[in-house]
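One structure below.
All of the numbers you see were taken from the coordinates with simple rules; none came from a lab. Note that the structure is a prediction, hence the values are computed from the model and not measured. Note that we place each Cβ from the backbone using ideal geometry, even for glycine, and neighbour counts take in every protein chain shown.
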Amino acid sequence: MKSLSLNGVSRRVWIMLAALLAVFLVVPLVVNDYLLTILILIFYFAYLAQAWNIMMGFAGQLSLGHALYVGLGAYTTAALYIHFGLSPWLGLPFAIAIAAAAGAVIAFLAFRFRVAGVYFAILTIAFAEFARIGFDHFDWVKGSSGLFLPVANYAESDLWNLRGKPVMFYYLMLALTVAALALCHALLRSRIGYFWQAIREDEDAARALGIDTFRYKMAAVVLSAGMTSIAGVFYAFYYNNLFPEQVFHISRSIEIILAPIIGGIGTLFGPILGAFLLTGLAESIFELMNAFGWTPPGAKQVFYGVCLLLVVMLLPHGIWPPLARKLGLDRRSNESEH
Amino acid sequence: MAALLEVAGVSKNFSGLRAVSDVSFAVPEGAMFAVIGPNGAGKTTLFNMIAGVFAPDAGRIAFLGERIDGHPSHEICRRGIGRTFQLVRPFPGLSVEDNVMVGALLRHPNTADARQRAHRLLAELDLYDIRAQIAATLTLPDRKRLEVARALATDPKLLLLDEVMAGLRPTETDRMVDLLRRLNQGGLTILLIEHVMRAVMSLASRILVLHHGAAIAEGAPQDVVRDPAVVQSYLGSEAL
Amino acid sequence: MPAEIYLNVAVSGLLTGLVYGLMALGLSVIFGVVRVVNFAHGEMMTIAMYIAVALFAAFKLDPLLMMVPIAAVLFVFGYALQIGVINPFISRPEHSQFMLLVAIAIIIVNGLLIMFGPDARNVQTSYAFDSFAVGPLIVDATKTYAGLAAIVVAAALFAFFRFAAVGKAIRACADNYTGALVVGLDVKRLYALTFGIGAACTGAAGVMLVLIVDVTPPLGPAYTLLAFVIVITGGLGSMPGALIGGVLIGMTEAMAGLLFTPSAKSMFAFAILVLVLLFRPQGILGKRAS
C-alpha cells in the first residue's frame, strides 16, 4: 500500500531523477571547461544546501554560521596533507570529527541554556566569527597569510590526494549530492525524520509525545555539521588556498543558506532546485554582463539579494512546493497512481 | 491497592501567586477522574506538573508507585502518561496520519508497525478518511480528536485531557463522551479537566474540585455537586 | 605602560562606545516596539556614512552639520521600508523576517560596493588631528565631538519617548499591542515611525562614526553584528541598556586592542556575546527574559 506520508515520492519522480542523473553523468563529455566549473559550483552548493537543510528544514534550527564547519573541514584536511602528507580521504574522518564536535559544543550550549530562534542564529554567527578571527592567528595553518596546497600536474588525476582536473571534482561533487539526496530521503521517512519534523513544528508537543528533543536536536546539528565539513575538504583541494577571512566569513554562511531558502526549506528537492536556479541564473546573468563589459564587483551578490528578497516575500515556502504542485509531482496528485 | 497516580501535598507558586496550594488526591486504576473548578483555579497548572512541564515547589507526585515530580515531560510520557493541550497543538504542517505516527513511533520504532498502529487509531477515532489532510486545515472537533488519537498512539496507561470538550457543539460533545467512555471501558485511566458539566456528570466516577489553587471537595459526583462549598464557589445555582 | 595610556585608551573607547551605543539604541527601539530583528542595521548606518563622505568630498560640508539632514534621509528610508516591505512580515515566523532583512542587507552592502568601490573612504575635517588636553588625558577632538553628539541625540530620543505624545503612543504600542489597537492608535503608522526613528539613530551614529573610522562596504555587516552584541549585552528592548552596552563594548574593544593584538579585539565582543546569551540572555538591563 502506498505510504501517504509527507514525503512519499512517486514513481514518476524517481524516473525523472534517474534520467537527470544519466544526463549529468555524461555531461562532462560534451560541455566546455567553463560550464563544467559552473556545474561543479552548482553541485557544491546543492550538497551544502542539503546538509544545512537537515538542521533547519528538518529540525527547525536556524544556523547562520555554517561556514564554520566548511572551514574546519577544509583546514583539517589541508593541514594534515601539507604537514604529514596525509591523503584527504584519511584526513576526512578527522575533519568530520572536529566539525561534529564543534557543532556538538554549540548545540549543547544553545540547547542546554535554551538559546533559540534568532538568538540561536546569532550564536552561530558569533562562533563562526570567532573562528574567522582565531584562525587568522593560528600559525600552524599559516593564519592570515593563507594556507596553500601544492598545485600538482593537472594532466594526471590523483584521486587519492584529490589532485587533478576539474572533471574529477565534478564527479565527486555529483556523487556527494546524490548521496546526500539519498540520505535525506531515508532520514525523512525514518523515525528520526518524523521526530525532527515534530520538533520543528512544535517542540513542546513533541516532548509530550515522549520525544527527547534535546537529543534529537543535537543529532541534527552534529549530522549537519559533519556533512558540511566534507564540502570543506572539497573546497580546500579544489581551490588550493585557504584564508580564514574568506573561508569563515559570514558571506559564505549566507551563500550556503540562499539555495535551500529559495528552493524550499524542509523539502527533499527544494535545496537542490535552489542551487541550480540560483547559481545557474547568476552565472548566466554574469556572462551576459561580461559580454557588455560591465562587471562591477558585488553585482552577483545584489542579484542573490534580490532573489532572496523576492522569494521570501512572494514564495515563503520556496519555489519547489508551488512548482511541484504545478507539475503534478506532489503527493496529492499521485494518490490515484496506486 | 495502590492508586495509579498519587498526588500528595503539591503546591506551585508563580512570582508570589499561589497557583496550586497543597493539593492531594489519588487516581485509582481504571477511573474516570474529573478535575473541575473556575478559571484560574489551578487545574492546568496541576496538569502541567503531572505531565512534567515544570516541577512542583512542594509535594510529591507518584505514578505506578514511582515518583515522577520534576521529571522531564518526555520521560513521563515514556512511563505511560499521555496528555492533550487546552489549546490544541497538532503539528500544523504534517498530515493527520503523520501526526499520529509521531506518537506511535514511541513504542513502535519500526515505521511500518507505527503506521499500522496509527491507522487503527485513526479508524477508531473516525479520522481515517481525512488521514492525508494537513492538520492546519482541520476543523476544531477534528483537531481535538486528532490530538486524542496522537496521545493514544503512545499507548498511555493514564491519559490527561485538558478541556477536550471546550468549543464543541452538543452533538460533538456527545461523540467525544462516547469515545472517552469506550476508551475507559477498554482499560484506559482518564484524568480530565472539564467545564462542560453534563459531560463530567455522565462520565466521571470521581470528581476533584479546585478553587484558588486548593482542593475544596473530592468524591463521587452526586456528593460533590451537592457540597455547599462547591455550589457556592463554582456551580452557583447552575441546574444540572 | 604608564597609567595615562590606559586612561587615554579607556576614554577613547568610552567616547567611541557612546557612538556605538547610539547605533545600538536604534536597533533596540526597533526591536522593542516593532519586534523585528533588523539585520540590516549596520548596513543602514553605512548608507549614512557614504552620504556624509560624498557630501564632504563634493561640498566640504562637515558631517556633524549634516547630521540632521542625513538622519532625516535615513528616517524616510526606514519609514518606507517598514510600511512598504516589512509590515506584512510582522506576523510571519521569525526566520522569515530575519531572511527578509538579510536580503535587504545584502542588497545594501553590494549596492554600495558597486557605487563606491571597495576602497576605504573617510572624512578628514579641519579638526581631524586636533586633540584636547584634560589633565593627564589627551582626547581626540573628533571623538569628543562624536561622543558629545551621541549623548545629545540619545537625550533627545529619551525625551521624545518620555514627553512627546507620539513617543508615548509608540511606547503604548510596545507595551500592549492589542490595547493600543483598541484605543484607536494607528499601529501601522507608529511602527513605520519607529522604524524610521531607529534608522535615523543609526544614520546619526554613522555620521559621527565616519569622523572616527574609515568606511568600506563590509563595515555594514560588521557593525550589524556589533549592534547585536551591544543590544543583547545591554538588554534587548532597553534603551539605557543599549547605551551602557555600547560604552562597555567600546571600552572593552579599546582595552583589548591595547593589551592584546588589535585584530583580536572583536573576538572579545563575541566572547561577551556568547557568555551573555548563555548565562544572562536578558542582558544587563533587559526587560524580557528570553
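Per-residue Karplus couplings for segment A:30-46, computed as 6.51 cos²θ - 1.76 cosθ + 1.60 with θ equal to phi - 60°, are listed in order as 10, 9, 7, 4, 4, 4, 4, 5, 4, 4, 4, 4, 4, 5, 4, 6, 5 Hz, Gly and Pro entered as x. The value of relative contact order for chain A, using C-alpha pairs under 8 Å at least six residues apart, is 31 percent.
Peptide A:292-304 shows a mean partner chain C-beta count of 4 within 10 Å per residue C-beta. Cα centroid separation, segment C:144-223 to segment B:195-213: 53 Å.
Along the charge dipole of segment C:3-218, Cβ charges K/R +1 and D/E -1, which of C:Ile86, C:Gly17, C:Ala180 sits furthest on the positive end? Positive-most Cα among the choices belongs to C:Ala180. Dipole magnitude for segment C:3-218: computed about the Cα centre from +1 point charges on Lys and Arg Cβ and -1 point charges on Asp and Glu Cβ, it is near 660 debye. Here, P(r) means the percent of Cα pairs in each 5 Å bin from 0 to the largest distance; for chain C it is 1, 6, 12, 17, 19, 17, 13, 8, 4, 2, 1, 0, 0. Taking each residue as 0.36 nm, the span from A:Phe113 to A:Arg325 lengthens on full extension beyond its C-alpha to C-alpha distance by 72.3 nm. Estimated from the Cβ-Cβ distance and a Förster radius of 41 angstrom, the FRET efficiency linking C:Ala271 and B:Asp223 is about 0.05.
Modelled spin labels at A:Tyr239 and A:Phe148, positioned 7 Å past Cα toward Cβ, are 1.6 nm from each other.
Note on segment A:11-337: Kirkwood radius taken over Cα pairs, Stokes-Einstein applied at 20 °C and 1.002 mPa s, translational D equal to 104 µm² s⁻¹.
When A:Cys307, C:Cys173 are arranged by Cβ crowding within 10 Å, least crowded first, meaning fewest neighbours, the order is A:Cys307, C:Cys173. Of the cross-linked pairs A:Lys217/C:Lys188; A:Lys165/A:Lys300; B:Lys43/B:Lys157; C:Lys143/C:Lys188; C:Lys143/C:Lys265; B:Lys43/B:Lys144, those separated by over 30 Å at the C-alpha level are A:Lys217/C:Lys188; C:Lys143/C:Lys188. Between the Cα long axis of helix C:63-81 and the first principal axis of chain C there is an angle of about 30°, rounded to the nearest 10.
How large is the charge dipole for the protein assembly as shown, taken about the Cα centre, if only the Cβ atoms of Lys, Arg (+1) and Asp, Glu (-1) carry charge, to the nearest 20 debye? Don't jump to the answer; show the numbers that get you there.
Values: 61 positive and 55 negative charges, 218 e Å.
It works out to roughly 1040 debye.
Charge tally around B:Gly167: other residues with Cβ under 11 Å, Lys/Arg +1 each, Asp/Glu -1 each, net +1. Here's the picture: a label point sits 7 Å out from the Cα of C:Ile114 along the beta-carbon direction, and within segment C:51-75 the residues with their amide nitrogen under 20 Å of it are C:51, C:54.
Segment B:1-23 and segment A:212-226 have Cα centres separated by 35 Å. When B:Met201, B:Met165 are sorted by how many other C-beta atoms sit within 10 angstrom of their C-beta, beginning with the fewest, the order is B:Met201, B:Met165.
GNM on chain A, alpha-carbon springs under 10 angstrom: the most fluctuating residue among A:Tyr194, A:Tyr171, A:Tyr34 is A:Tyr34.
Entry note, the protein assembly as shown: the mean residue ellipticity at 222 nm calculated from DSSP H runs of n ≥ 4, each adding -39500 (n - 2.57), is -20000 deg cm²/dmol after division by the residues and rounding to the nearest 500. Using a Gaussian network model of chain B in which every pair of alpha carbons under 10 angstrom is joined by a spring, one finds that among B:Ser205, B:Ser21, B:Ser11 the greatest mean-square fluctuation is at B:Ser205. Nearest 10 degrees is fine. How inclined is helix B:140-152 to the longest principal axis of chain B, computing both from alpha carbons? With both axes taken from Cα atoms, the answer is about 90 degrees.
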